[in-house]
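Some notes on the structure that comes next.
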Ligand code: NOJ
Ligand code: CA
C-alpha cells in the first residue's frame, strides 16, 4: 500500500524512537547523524516498523540532549544538512516508513535568536514578551520573583543582571516561551508547515501540557504551587486553554493530505489525557502508565482497561510505551527488586548506587521485558518502541561522572544520575571502536557487554531478542484487526485476551509455569515446550472459532 492510502495509519502504528545522536554515526565523529540513519534504513525495514520518531536533531548546544533548540527549522550541522534530512525522509518513505519529528514548544534554548534578542532588549520590550520575564524582589531586584524549583532541580528563575529574571521549567539553558504572545504562536505554525512541507508525517509534542501558563501579578510560593489542583486552572500545568493552541495546530495538520498527526507528551491527571488525544487537537497522547507499572498481571490489566476506556472517550487509539529516552530501560526495571517507595522513579536508586551488578538479574529482566513487549504488541492501538530495546539492551549504569551529559545529573548532585544510561550509542557490530556505531569513539562510553547485544550478533539467531521483535512486527501486521479486546482470563498470574479475529495473547506474569491455553502457538517470548506456558512468558495464539 502506498503511504498516501491510509490516513488512519497512526491508530495502529508501531513507531520506533530514534535518538539521533546515539543511533548511527556516518562520519566517525562520535555523534550519530542523519546520514547514519540513512545508512540504516534497511535495518528499520527489516525490523518492520511503521514509522520512526526522531528526537531533536536541530541545532543545539546539547544542554538537554537537543531538547534545547537553537533553530526549529534546521538540522544541527554536526548531524547533517536539510538535504540529508530530505534524503532520509525519501528513503524511509520509499520503504513505507513514516517520519515523526519532535517539536519542543515549551522552551527554546538560550542560544535561540529570540532569547539573545530578549537579553539585549530592555525590560518591558517586545523581545522580552516572547519569554516569561519578571522583576526580581527586593529594592534592587536581586531576589528571585518566587522560590520555584525547576523540574530538573535547582531554581526555576534565573537573573539576567538588570533586575529581571526569566522562568525555566527545565534547565537554565531552556527559557520558557510565553504562549500568550501571538508571534510565538505564529512561529510554531510556520515550523509545523516547514516540516510538513518537507514530507514529515507527524509530530511528537514535548511537554504538551505546559505551554499555557497563567502567572498573574502575585506569584504563589512553591509549596502552594504543589498543592494546587491540576484540573485546568493550575498556573503552570495542564491549563484548559492549552487546547486552543492545539486547535490551531490541527488546522495546519489538516491542510495536508493525509493530515499530519501528532502525539502529546502530556504528564497530566490520566482522566484529562483524552483532551490531548481529541481529533480537534493533537489526535493522540502518550500513555506512560506502563513506565510506572511493575511486571504484574493485575497492574497490566488495569492499565489496559483504563487506557482503552480513555481512548474510547477521545475516539483516538491508545498508545503503549515501555521505554524511551527519559526512563531506565525496561529490561533493567524488571530485573531489579521492587523499590521500597513505589513513587520512586524505577531504577533511579539503583543507578545512583552505581548500578550494583548483584542487585540486577539481567536474564530475568530481559525475559520479563520481552514478555511485556509481546503483550503490548498484541494490544489494540499504537506502540512506541525505543531504539535498542529490540536488542535486549539493559541500562548502562557505569558512566563516569566526567562523561555524563544529562543536566539532571549536574543539577541534582548525589540525588539523581540522570538519563544518559539509556542514551548510549547502540551496538551494531561485535567489534570496532564503538561496536559499529561509527568509526570513532562514541560520545557516551559503551560497556563491554554490548558486544553480545550487537545487531550482527543477533542477526540470524532465531532465539535473539531482535528475531523476536522482527517476527512480532511481521505477524502483527498480518493479524491486524478491529481495535477491540476481550479478556479471556486474568487470574493475577495469567493474563489472557482475545482480539476479534481469534488472535489471542496470554502472558504468564508469575514465576511458575501455568497450563498453556488452547490454540496454535504463533510466537512466544521464550521457548514453549509441551503444554505449559513458562514463567514470565507471553505467547500469541490463534484459535479457530
Ligand atoms: C521531555 C523530553 O522527553 C525530555 O527528554 C526533556 O528533557 C524534557 N521534555 C524537556 O524538554
Ligand atoms: Ca557523526
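Throughout, read-outs are computed from the coordinates displayed, never taken from laboratory work. Predicted model, so just to flag it, every value in this text is computed and none were measured. Heads up, the Cβs are rebuilt from the backbone with ideal geometry, glycines too, and the neighbour counts pull from every protein chain shown.
A few comments on the model shown:
- Packing order of peptides 439-448, 413-422, highest average first: 413-422, 439-448 (average count of other Cβ atoms within 10 Å over each peptide's residues).
- Counting every other Cβ atom within 10 Å of each residue's Cβ, 323, 464 order from fewest to most as 464, 323.
- Nearest-ten-degree value, helix 82-94 long axis tilted from longest Cα axis of the chain: 30 degrees
- Placing a label point 7 Å from the Cα of residue 306 along the Cα-to-Cβ line, the residues of segment 244-280 whose backbone N sits under 14 Å from it are 267-274.
- Counting only the Cα atoms, segment 1-121 fills a convex hull of 119 Å³ per residue.
- Modelled spin-label separation between residue 46 and residue 478, with each label point placed 7 Å from Cα along the Cα-to-Cβ direction: 2.0 nm.
- Gain upon complete extension [residue 82, residue 181; 0.36 nm per residue less C-alpha separation]: 32.8 nm
- Exposure proxy ranking for 107, 168, 243, based on other Cβ atoms within 10 angstrom of each Cβ and starting from the fewest, stands as 243, 168, 107.
- Segment 137-176: relative contact order as a whole-number percent, Cα under 8 Å and 6+ apart: 31 percent
- For the chain, calculated [θ]222 nm from helices alone, where every DSSP H run of n ≥ 4 adds -39500 (n - 2.57): -7500 deg cm²/dmol
- With Cα atoms, 0 to 90° folded angle of helix 182-197 axis to the chain main axis: 40 degrees
- According to the calculation over all Cα-Cα pairs in the chain, the P(r) per 10 Å bin from zero is 4, 18, 29, 28, 16, 5, 1, 0 %.
- Cα-based helix-to-principal-axis angle, 465-478 vs the chain, degrees rounded to 10: 90 degrees
- By other beta-carbon atoms within 10 Å, ranking 358, 46, 201 with the fewest at the front produces 358, 46, 201.
- For the pair segment 296-371 and segment 377-423, the centres of their Cα atoms are 13 angstrom apart.
- Expressed in units of 2.2 N^0.38 Å, where N is the residue count, the Cα radius of gyration of segment 19-72 is 1.21.
- Once C-alpha pairs closer than 8 Å and six or more residues apart are averaged by separation and normalised to the residue number of the chain, the relative contact order reads 13 percent.
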